[in-house]
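> Can you read through this structure? Questions will come right after.
The values are calculated or read from the model by the stated rules, or taken from the named source; none is laboratory data. Please read all numbers here as calculations on a predicted model, not as lab measurements. As a convention, Cβ positions derive from the backbone with ideal geometry for all residues, glycine included, and neighbour counts pool all protein chains shown. Accessible surface areas use protein heavy atoms only, side chains included; no ligands, DNA or RNA. Shrake-Rupley method; radii C 1.70, N 1.55, O 1.52, S 1.80 Å.
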Amino acid sequence: FLRMAHKKEKTFQFMIVGGGIAGVTSLSESFFLVKVSKTLEEFDVEERPSSVLEARFPNLTVIHPAVKSLNTQSHTVETADGRVFGYEKLCICSGGRPKLLTQDNPYVLGIRDTDSAQAFQKQLSKAKRIVIVGNGGIALELVYEVEGCEVIWAVKDKAIGNTFFDAGAAQFLIPSLEADKPERAAPCRRPRYTTEEPAAGASQTFTAESGSALGPDWHEGIVLRGAEQVSRRVSVEYECEVEKIFTAEDLHNSPQQTLRPENGTWPVYILLTNGKTFGCDFVVSATGVVPNTEPFLHGNNFALADDAGLQVDDHMMTSEPDVYAAGDVCTACWEHSPLWQQMRLWTQARQMGWYAGRCMAAHVLSEPIELDFCFELFSHITKFFNYKVVLLGKFNAQGLGPNHELLVRCTKGQEYVKVVLSGGKMVGAVLIGETDLEETFENLMLNQMDLTQYGEELLNPNIDIEDYFD
Ligand SMILES: Cc1cc2nc3c(=O)[nH]c(=O)nc-3n(C[C@H](O)[C@H](O)[C@H](O)COP(=O)(O)OP(=O)(O)OC[C@H]3O[C@@H](n4cnc5c(N)ncnc54)[C@H](O)[C@@H]3O)c2cc1C
Ligand SMILES: NC(=O)C1=CN([C@@H]2O[C@H](COP(=O)(O)OP(=O)(O)OC[C@H]3O[C@@H](n4cnc5c(N)ncnc54)[C@H](OP(=O)(O)O)[C@@H]3O)[C@@H](O)[C@H]2O)C=CC1
């Protein structure tokens, strides 16, 4: 009744929920983009006030605060301040939030937006030892960047970086953790922190009011330094998970358990499944993301995927009429090209946002639209341990079973090249270092040329492969 009593303020033809990269690019093709090759893109990203966007797009209205609820039957959304707006087509780009090991524990931090990064930086400046849990993007970045603080890195797997590469690549990268960091090429020229300081010691909550996800290079130009006069000191605990996180006070309340003297006196302790207990100043939960669908999508009938993302089809449409979704919040449920898979990355959020915008426009104009070319081949370019990392196609032979062949070329400290072949055709590659192979390999994957006759020569460093296939 209450909702019905609210008067619809205005009806928009297109409405987008969320101001991250997916939301912004669903408005238009991003203007920060640098193309590296057909499918690889590098970014130069700035956070800008919404007034900049409104000035650029005169037909755009930016509404604050967040959306509190959505009613797909009446095609309306209600904002947190009680205003109701109608839409003809809606695109949900509400992103994700950290999948924390435990909620509401002030000693367990996640990193997602500028506020949470700032909270992390502040706590780190007073820390002597931290424990990082997780084996994906954030953990890989932090273990390399954090200095002046001992880091215990707990990973579930036998090798580091399992979301991005295999044990061979991990082996190639590990020595960089022990070596000194090279001097930074250039300081970051982008101001990053624009929000007020969060309250000290407060536990984190990630809500609709949280900011957009940090993207590539987020840590450049900010000091990630602890309280000790040491450079980087990382110990990796392999094949273990977290059994328990507790304080000394918690132990007083369960007298049968005690701490050994070697565990020292710390604000918090973490017991791992390998039986080891580490005391530390705080724990970073770098354990993935959950799509942001709660609570504002309650009461509708959205089909959710196993990872809790909004299922979208090849037109980025959810199961509800006139509602599209893009970016971290959605799960791509169309039949994927054999060389593409979804990962919750900036690149894909941008591509999905842009494509969703085009689909919405095409549907309004009753024009046909085909799945965008960017979903033909998975491609990701990033930096880990100061190496350029390019991932193409089924870079970890995902879903290929035993029916594939690997070619590897590795020069210690310089480059690691892995190619995945299936039926004589290139279906994936991991390129670490300045290999200059990405464009040629991308073409070989896109045109699915039969490479059987080349065998291992494909990675012969004395052959200029680019000339070879031109
Ligand atoms: C620390 C970190 C480093 C990363 N580094 C990289 C990298 O190097 N390369 C890479 O490819 N990817 C990287 N990523 C991943 C990348 O940032 C995300 O995949 C991408 O930003 C997701 O974009 P999005 O627009 O879908 O979501 P988000 O950026 O999360 O944006 C969602 C927006 O929706 C808003 N919102 C949520 N709920 C509501 C609501 N109810 N009403 C209104 N608004 C709402 C939020 O406030 C937010 O502005 C990184 C992520 C993190 C956290
Ligand atoms: N340079 C880049 O491209 C970067 C990308 N990102 C992106 O930002 C997002 C957030 O990063 P991040 O949090 O690192 O997420 P990721 O998905 O990259 O990695 C999460 C890691 O945590 C592990 N994990 C999950 N649950 C547990 C648990 N309970 N205990 C121990 N380990 C666990 C996962 O293992 P498993 O896979 O086996 O579940 C995985 O290794 C991701 O979408 C990521 O792709 C972030 C930083 C850099």
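> Given a 1.4 Å probe and every protein chain left where it sits, what share in percent of the accessible area of the chain is carbon and sulfur?
Working: 11200 of 22890 Å².
The C+S portion of the solvent-accessible surface of the chain is 49 percent.
> Please state the charge dipole magnitude for the chain, taken about the Cα centre, from unit charges on C-beta atoms (+1 on K and R, -1 on D and E), reported in debye and rounded to the nearest 20. All intermediate terms of the calculation are to be shown ahead of the outcome.
Values: 41 positive and 64 negative charges, 284 e Å.
In total the dipole reaches around 1360 debye.
> Ok, one more. Got a sec to turn the phi values of the range 364-381 into Karplus ³J(HN,Hα) couplings, 6.51 cos²θ - 1.76 cosθ + 1.60 with θ = phi - 60°, whole Hz, x for Gly and Pro?
Taking θ as phi minus 60°, the curve returns 5, 8, 6, 9, x, 8, 9, 3, 5, 4, 5, 8, 6, 9, 5, 8, 8, 10 Hz for the range 364-381.
> Rounding to the nearest 20 debye, state how big the charge dipole of the range 98-289 is about its Cα centre with +1 on each Lys and Arg Cβ and -1 on each Asp and Glu Cβ. Present the calculation step by step, with values, prior to reporting the outcome.
Numbers: 19 positive and 26 negative charges, 40 e Å.
Computed charge dipole of the range 98-289: roughly 200 debye.
> Go through 379-390, 351-362, 295-306 and give me the packing order, highest mean Cβ count within 10 Å leading. The partial results should precede the final answer.
Values: 379-390: 19.6, 351-362: 23.2, 295-306: 14.3.
Ranked by mean Cβ neighbours within 10 Å, highest first: 351-362, 379-390, 295-306.
> Normalise the Debye intensity by I(0) for the range 80-186, one equal point scatterer per Cα, no solvent, then take log10 at q = 0.20, 0.21 Å⁻¹ and round to two decimals.
Evaluating at q = 0.20, 0.21 Å⁻¹ gives log10 I(q)/I(0) of -1.22, -1.31.
> Could I have the simple spin-label model distance between residue 298 and residue 73, label points 7 Å from Cα toward Cβ, reported in nm to one decimal?
Here the modelled spin labels are 1.7 nm apart.
> Per residue, what accessible area does the chain have, given a 1.4 Å probe and all protein chains present, in Å²? Can you show the working numbers first?
Details: 22890 Å² over 470 residues.
I get 49 Å² per residue for this part.
> Could you pull out every residue, at least 5 positions away or on a different chain, whose amide H is within less than 5 Å of the one on residue 331? Hs are placed 1.01 Å off N in the peptide plane, and Pro or chain starts have none.
310, 311, 312
> Give the relative contact order (percent, whole number) for the range 98-289; include only Cα pairs under 8 Å separated by 6+ residues.
Details: 350 pairs, mean separation 74.8, N = 192.
It rounds to 39 percent for the range 98-289.
> Let me ask something additional. Dividing the convex hull volume of the alpha carbon atoms of the range 386-469 by its residue count, what do you get in Å³ per residue? Present the calculation step by step, with values, prior to reporting the outcome.
On the way: hull volume 7.7 nm³, N = 84.
Once divided by residue count, the hull of the range 386-469 is 91 Å³.
> Still on this structure, please answer the following. Using 0.36 nm per residue of separation minus the Cα-Cα distance, give me the extension gain between residue 253 and residue 334 in nm, one decimal.
So the extension gain works out to 24.0 nm.
> At a 10 angstrom cut-off on C-beta neighbours, averaged per residue, how do the peptides 112-120, 238-246 rank from highest to lowest?
By packing density, highest mean first, the sequence is 112-120, 238-246.
> Based solely on C-alpha atoms, express the radius of gyration and the Dmax of the range 98-289 in angstrom.
Cα only, the range 98-289: 16.6, 54 Å (Rg, Dmax).
> Which FRET efficiency, nearest 0.05, do residue 163 and residue 366 yield, Cβ-Cβ r, R0 45 Å? Before the final figure, lay out the partial values.
Working: r = 41 Å, r/R0 = 0.91.
The pair residue 163/residue 366 has a calculated efficiency of 0.65.
> May I ask which residue of 331, 134, 453 lies farthest towards the positive end of the charge dipole of the chain, with charges of +1 (Lys, Arg) and -1 (Asp, Glu) on Cβ and the Cα centre as origin?
Result: 134, furthest along the dipole toward the positive end.
> List the relative contact order of the chain as a percent without decimals, with contacts defined as Cα pairs under 8 Å and 6+ residues apart. Don't skip to the answer; put the middle values down first.
Details: 918 pairs, mean separation 85.4, N = 470.
Relative contact order, the chain: 18 percent.
> May I pose another question? Would you please give the residues with an amide H less than 5 Å from that of residue 243, counting only those at least 5 places away or on a separate chain, with H modeled from the backbone geometry?
271, 272, 273
> Continuing with this model, one more query. In nm, to one decimal, how far is the modelled label at residue 308 from the one at residue 235, with both set 7 Å along Cα→Cβ?
About 3.3 nm, to one decimal.
> With a point put 7 Å past each Cα toward its Cβ, work out how far residue 452 is from residue 56 in nm, to one decimal.
5.0 nm
> Please compare each pair in 122/181; 99/244; 128/412 to a cut-off of 24 Å on the Cα-Cα distance and tell me which ones are over it. Don't jump to the answer; show the numbers that get you there.
Numbers: 122/181 22 Å; 99/244 16 Å; 128/412 32 Å.
Exceeds cut-off: 128/412.
> Then there's this: Rg and Dmax of the range 338-408, using alpha carbons, in Å: what are they?
Looking at the range 338-408, its Cα Rg and Dmax stand at 15.8, 49 Å.
> So, by mean Cβ neighbours within 10 angstrom, what's the order for 206-217, 50-61, 275-286 with the highest one leading?
Working: 206-217: 17.7, 50-61: 11.3, 275-286: 20.7.
My ranking of the peptides, most packed first, is 275-286, 206-217, 50-61.
> Moving on to the next point. How much of the calculated P(r) for the range 231-344 lies past 21 Å, in percent of all Cα pairs? Intermediate values should be presented prior to the final figure.
Working: 3734 of 6441 pairs.
When every Cα pair of the range 231-344 is considered, 58 percent fall beyond 21 Å.
> Please list 3J(HN,Hα) in residue order for the range 118-127, calculated via the Karplus relation 6.51 cos²θ - 1.76 cosθ + 1.60 where θ = phi - 60°; whole Hz, with x for glycine and proline.
5, 4, 4, 4, 5, 5, 5, 4, 9, 9
> Residue by residue through the range 231-247, what is 3J(HN,Hα) from phi via Karplus (6.51 cos²θ - 1.76 cosθ + 1.60, θ = phi - 60°)? Round to whole Hz and write x for glycine and proline.
7, 6, 9, 10, 10, 9, 9, 7, 6, 9, 10, 8, 8, 7, 10, 8, 10
> May I have the extent of the alpha carbons of the range 293-423 along their three principal axes, as whole Å values ordered from largest to smallest?
54, 33, 28
> Here is a further query. Show me, bin by bin at 10 Å from 0, the whole-percent P(r) of the chain based on Cα pairs.
4, 18, 27, 26, 17, 7, 1, 0
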